[in-house]
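Student: If you scroll down you'll find the structure; I have some questions about it.
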Amino acid sequence: MPDLPIYPEKREAPEYALERRLGRLLESPEDSYKLALDALRLRCAQETLRLTGAAATADDSAGELVQAQLRALVTIETAAVEASGLELALIREVHCTASPGADGSFRASQISPQFKNARPSPPEFIEAKLLNLLDWLSGESGRDMFCAARMSLWFARFVEIAPFAHGNFRTAHLVASFFAVSAGFPPITLGLEDAEAVRPEIERAIQFDTVALVERFTGALSRALLECEEAAERAT
């Protein structure tokens with residue numbers, strides 16, 4: 001019988017492996033990384049639309065809605081690089097940009113929850129609840145968390161509050177990239193293939209069981225890195 005180790009082998013936390021990959025990627029030639037980011041942003045835009053029921057094919061790079069999502073992503077990335085925390089004005093701007101025709105106003109009436117266990121905020125408390133969420137995410141406790149954990153908390157709480165009459169999931173999905181870019185990572189996206197599994201994960205996260213949703217966003221970070229790594233390798 002083989003000897004068993006006294007101490008089990010330690011497994012590296014996923015965030016450390018991702019950070020090492022990011023470090024190697026940032027050593028790639030700047031031009032190749034920029035091209036990779038452009039391709040990734042387009043996929044993020046297209047997947048955001050697919051996840052929310054809007055048609056966007058792999059060839060649809062010039063459509064009005066795709067371009068709207070791309071503009072929203074650029075706004076998010078710029079704010080993530082320049083700002084210390086996520087702000088209410090950015091959320092309104094992203095919502096307006098990504099959902100043409102929207103004016104950024106919070107809903108004025110109660111709505112039915114889109115997720116099990118969710119309790120959408122009464123209209124009069126929407127702004128206060130959002131500010132409380134943003135204060136927590138930008139505070140010391142929030143800043144010390146790995147960005148996938150911050151995404152998970154952001155996503156679950158935002159879709160539960162449901163501040164807008166329409167477009168809450170789309171806005172939450174796009175703004176999740178704020179936390180990735182703030183940590184130095186490229187923007188991220190969930191895929192249409194995630195849609196069926198992510199709903200119960202969000203519903204669990206609404207009840208503060210965020211493990212599965214954190215893993216989902218960790219996987220999204222890994223895919224974003226892989227896409228950039230492959231593009232950088234092709235350019236060498």
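Student: What residue, of LEU137, LEU133, LEU86, is modelled with pLDDT of 95 or more and within 27 Å of ALA45 (Cβ to Cβ)?
Tutor: LEU133
Student: To continue, here is another question. Which members of region 109-126 meet the condition of being within 25 Å of GLU87 (Cβ to Cβ), surrounded by fewer than 14 Cβ atoms within 10 Å (Cβ to Cβ) and either of a type outside the set (A, V, I, L, M, F, W, C) or within 21 Å of the chain's Cα centre (by Cα) (or both)?
Tutor: ARG119, PRO122, GLU124
Student: Six or more apart or on different chains, Cβ under 6 Å: which pairs go from a residue in region 195-222 that's under 14 Å from ALA148 (Cα atoms) to one that's polar (S, T, N, Q)? Could you list them?
Tutor: ALA205/SER152; THR210/SER152; LEU213/SER152; VAL214/SER152; PHE217/SER152
Condition check ((1) hydroxyl-bearing (Ser, Thr, Tyr); (2) at pLDDT below 95; (3) over 27 Å from ALA68 (Cβ atoms); (4) within 11 Å of the chain's Cα centre (by Cα)) across all residues:
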residue: TRP154; (1), (2), (3), (4): no, no, no, yes
residue: PHE164; (1), (2), (3), (4): no, no, no, no
residue: ARG170; (1), (2), (3), (4): no, no, no, yes
residue: GLY191; (1), (2), (3), (4): no, yes, no, no
residue: PHE217; (1), (2), (3), (4): no, no, no, yes
residue: GLU229; (1), (2), (3), (4): no, yes, yes, no
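Student: A follow-up question, please. In the set PHE179, PHE115, which member is out of contact with any strand residue (DSSP E or B) (no Cβ under 8 Å at 6 or more places or on another chain) and either over 25 Å from LEU221 (Cα atoms) or part of a loop (DSSP other than H, G, I, E, B) (or both)?
Tutor: Result of the check over PHE179, PHE115: PHE115.
Student: Right, something else. Where residues in region 77-97 are without any contact (Cβ under 8 Å) to a residue 60 or more places away in the chain and part of a helix (DSSP H, G or I), which of them is farthest from ARG107 (Cα to Cα)?
Tutor: If we take residues in region 77-97 being without any contact (Cβ under 8 Å) to a residue 60 or more places away in the chain and part of a helix (DSSP H, G or I), then GLU82 is farthest from ARG107 (Cα to Cα).
The values are calculated or read from the model by the stated rules, or taken from the named source; none is laboratory data. Here the structure is a predicted model, which means the values were calculated and not measured. For neighbour counting, all protein chains shown are included, and Cβ atoms are generated from backbone atoms with ideal geometry for every residue, glycine included.
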